[in-house]
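Reading through the structure tokens given below for one structure.
Computed from the coordinates by the stated procedures, all read-outs in this text should not be read as laboratory data. Note that the coordinates shown come from a computational prediction; the quantities given were computed from them, not determined experimentally. Heads up, the Cβs are rebuilt from the backbone with ideal geometry, glycines too, and the neighbour counts pull from every protein chain shown.
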Amino acid sequence: MTVSGPPSSVSDEHVSVPEVGEPAATTNATTTIETQADDTPAPPSPTKKKRKRPEKAPPAPPPPLPDPSTFPAYVRPDYFRFEIVHVSKKSGARVGRIHTPHGVIDTPGFVAVGTNAALKAVDGLWADAEGLQLMFCNTYHLLLHPGPEFMGRPDRPLITDSGGFQVFSLAYGTVHEEVNELKRGQGPSKHKATAGTLMKGVSEEGVRFASYRDGSSMLLTPESSVRAQKALGADIILPLDELPPYHIAQGDLEASLERSHRWEARSLREHLADPRRQAMYGIVHGGVDLALRRRSVDYLAALPFDGFAVGGSMGRDREEMVRLLQGVMPMMPRDKPCHILGIADPATLPRLVPLGCDTFDSCYATRAGRHGTMLTPNGNVRVISGTYKMAFRKPVEDCECYTCRHHTLAYLHHLKKANEPLMASLLAIHNIHFMCKMMAGLRAKILADEI
């Protein structure tokens, strides 16, 4: 039997009648066979079995905060005392004295930063002669070189940090750098990207980083940081804390705050086990979140610290920082000194002193000097300006610093143009004198209830 045409066009008139005994044919026979052949699944091709990766165990929950009741009650040591001389009737400003084993610090006071146990381009004795009473040194740098046993200022008050600020700022950069990167729409700068590789990781134990000097791996813990500061012999030491970036998720900020609190409590225990005539300040964190700042103040105030510092990211600009401190300072204990970390420029200090802040540290004065800028009551003077080429006069009227007593503005202009290193020293001396004189003026106004 044959079928004419495609199966779909088959009709009865095209089909031959079969003979008796011949099996009947159907028009769908061929089609049915083809369909069965098409529907038969092909044998599966051999495939490689993928190995299942072992599931990562969820991170262990952080340990609870140390209970303040497990610490001894605070007893003021005989070698460290904060004396409140006068509180302004007009604001929260106050005049005081911090008594330390190596001298007295008048407050509110300016603190110069000597990163490597030295002010940039200025001998410490020169700075003392201009009115400087307290210098801030960085444990991170001194830990790497020459070592914590080095002491470069044995007869003047000294404050040291934990080393954490340098580690985290190298990795995350400053708030200013973060904001600029966002504005540019670019990734981190080459310097920041390179520096970020130095920090290897943060854990409950501490922060691991690579030395920027030789690449060796180092672990900074609350205990090792305190021991290093003990060896340095500073009058005021700070606990290890975490410095998160300005732009951070809320949950990460809260986790960072709690970790800082645990590290600070561990640092305090290490300190109390061997005080060595040193005082320790607790560091208030929480970013620009006022509720977290309140949580930080409440926890740290319950611990036996000798004073407090306000640290961490405080805003993207001066206005945000001032608003934050306007909210934070009323929370702070009033019977202990309060230090503002990393803020001490002439435009900001008159706005923070009325809030009751006592001491302020910054490298701004010496850095400005190295770049050819003199600080004056009427604003900054850039000595490289051609208008000062023939300015054979006192650089700043009514200034009695070494530089202004012995040199002219024209001479400073010449030094800058000639790239003479002496310029950095002379301008830094002037700027330190200016900052100390400005703080003395603010203290006088507080005593007179003018601010």
Cα-centred dipole magnitude for region 269-399, charges only on beta-carbon of K, R (+1) and D, E (-1), debye, nearest 20: 360
Cβ-based exposure ranking for Met218, Met321, in which fewest neighbours within 10 Å come first: Met218, Met321
Protection proxy ranking, peptides 103-114, 57-68, average beta carbon neighbours within 10 Å, highest first: 103-114, 57-68
Amide H partners (placed H, <5 Å) of Val284, local residues excluded: Ala309, Val310, Gly311
From phi via Karplus (6.51, -1.76, 1.60), per-residue ³J(HN,Hα) for region 337-351 in Hz, x at Gly/Pro: x, 10, 10, 9, 7, x, 10, 6, 10, x, 6, 8, 4, x, 8
Packing rank of 242-251, 293-302, where each peptide gets the mean count of other beta carbons within 10 Å, highest leading: 293-302, 242-251
Sequence of Ser425, Ser211, Ser225, Ser203 once ranked by neighbouring C-beta atoms within 10 Å, starting from the fewest: Ser203, Ser211, Ser425, Ser225
